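The values are calculated or read from the model by the stated rules, or taken from the named source; none is laboratory data. If you're wondering where the values come from, they're calculated on a predicted model, not measured in any experiment. Calculation scope for accessible area: heavy atoms of the full protein, side chains included, ligands and nucleic acids excluded. Shrake-Rupley method; radii C 1.70, N 1.55, O 1.52, S 1.80 Å.
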Amino acid sequence: MNFPAIAAALPATARTTFAGLPFPHLASGKVREIYDLGDALLLVASDRLSAFDVILPDGIPGKGIILTQMSLWWFAQSEKLIQNHLLPDQAGEFARRGINDPDLQLRSMIVRKLKPLTIECVARGYLIGSGWSSYRKSGEVCGIRLPAGLRQADKLPTPIFTPTTKAPKGQHDEPINDAQGAATIGAALYEQVKSLSLALYTFGHDRARAAGMILADTKFEFGTDAAGNLFLIDEVLTPDSSRFWPADEYKPDCSPPSFDKQFVRDHLVAIKWNQSPPAPRLPAEVITRTQEKYLAALRNLIG
Ligand SMILES: Nc1ncnc2c1ncn2[C@@H]1O[C@H](COP(=O)(O)OP(=O)(O)OP(=O)(O)O)[C@@H](O)[C@H]1O
Ligand SMILES: [Mg+2]
């Protein structure tokens, strides 16, 4: 779908729950609801927003639509690098399964039932966030020694793979090194997702750069089918799973503004929320400006 059509379809109020869908509910993620379609899964992206790993009481209207449409675009772009979990004919699948609500269609994907790997595959091209914190303490990120003298937000000599554990709900993912990653999912699979993550990062970085954005870092998830075939799953290269910066505002030695939750994080820091639940309500202006940011990232990419 093209950008103007998506922008025009965004709801006026956030859709954060999905009562009444006629499918068995399997699980709730922080953002997504997962339903069992028998031979497939229905992955519905809500408008929920999490910050510091806590779900906020206010959603961002249409955020789930933006995330799903952006993921669909990236899945199509990245198909040559790795197959993904989408069933080939999404429109046909919706029709066949009686999913006719246009809002629901725009925020949903019908996907293969796969077994998610138990690590999160993070790739970084810049030194920011938890990578920067770790470097300042030890000169390393996930066991990778980096050159001395790097500044916050500096571009790394080459992108690095910095996986984490997949922590249960409410807990924080912990960084792991190559040996721990290989021990968790097996050495061969680990090498495979490591090189794929780096290739996908570089691909995403170059595409984003052409759209006026820097892809600082991103998280991929992979899953396997019963025969052990590997697929890219979940969402891909969205502002929720990635840190995008406007290229023209980028400078090292600070934390550049990001395309996604910057206003939310700034607000929550300003009001000195202690980062444990319950999270506070957001002012209307923070919600509007955040929605604009998500939409701007989509427009930059596909518009
Ligand atoms: N094809 C698939 N088969 C099985 N599980 C999947 C598939 N695609 C995605 N998932 C799982 O669905 C869930 C999506 O939920 P959601 O995006 O809300 O994530 P989360 O795990 O709560 O948090 P976060 O993405 O922030 O780490 C994830 O647990 C993901 O691993
Ligand atoms: Mg997720």
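Note that segment 181-303, at 37 °C in a medium of 0.692 mPa s, gets a Stokes-Einstein diffusion coefficient of 197 µm²/s from its Kirkwood radius over C-alpha pairs. Here's how it looks for G29: its modeled amide H is under 5 Å from those of I34, which are all 5 or more places away or on a different chain. M1 sits with roughly 130 Å² accessible to a 1.4 Å probe, with DNA, RNA and ligands left out of the calculation.
Figure note: S78, S195, S28 ranked by solvent-accessible area, largest first, 1.4 Å probe, ligands and nucleic acids not counted: S195, S28, S78.
On a per residue basis, the convex hull of the C-alpha atoms belonging to the chain measures out at 137 Å³. These residues, F203, F18, go from largest to smallest accessible area, 1.4 Å probe, as F203, F18. Apolar share of the accessible surface for the chain: 53 percent from carbon plus sulfur atoms, 1.4 Å probe.
Once you divide the Cα radius of gyration of segment 82-137 by 2.2 N^0.38 Å, the number left is 1.81. Note on W73: accessible area approximately 60 square angstrom, rounded to 10, probe 1.4 Å, nucleic acids and ligands left out. Checking the cross-link filter: which lysines have an alpha carbon closer than 29 Å to that of K137, excluding same-chain neighbours under 8 positions apart? Within reach: K155, K166, K169, K194, K219, K251, K261, K272.
The orientation-averaged projected area of the convex hull spanned by the Cα atoms of segment 1-69 comes to 5.5 nm².
In segment 117-249, Rg over Rh equals 0.96, where Rg is the alpha-carbon radius of gyration and Rh the Kirkwood radius from pairwise Cα distances. Taking amide H as placed 1.01 Å from N in the peptide plane, the amide H of D58 sits under 5 Å from that of L282, each at least 5 places away or on another chain.
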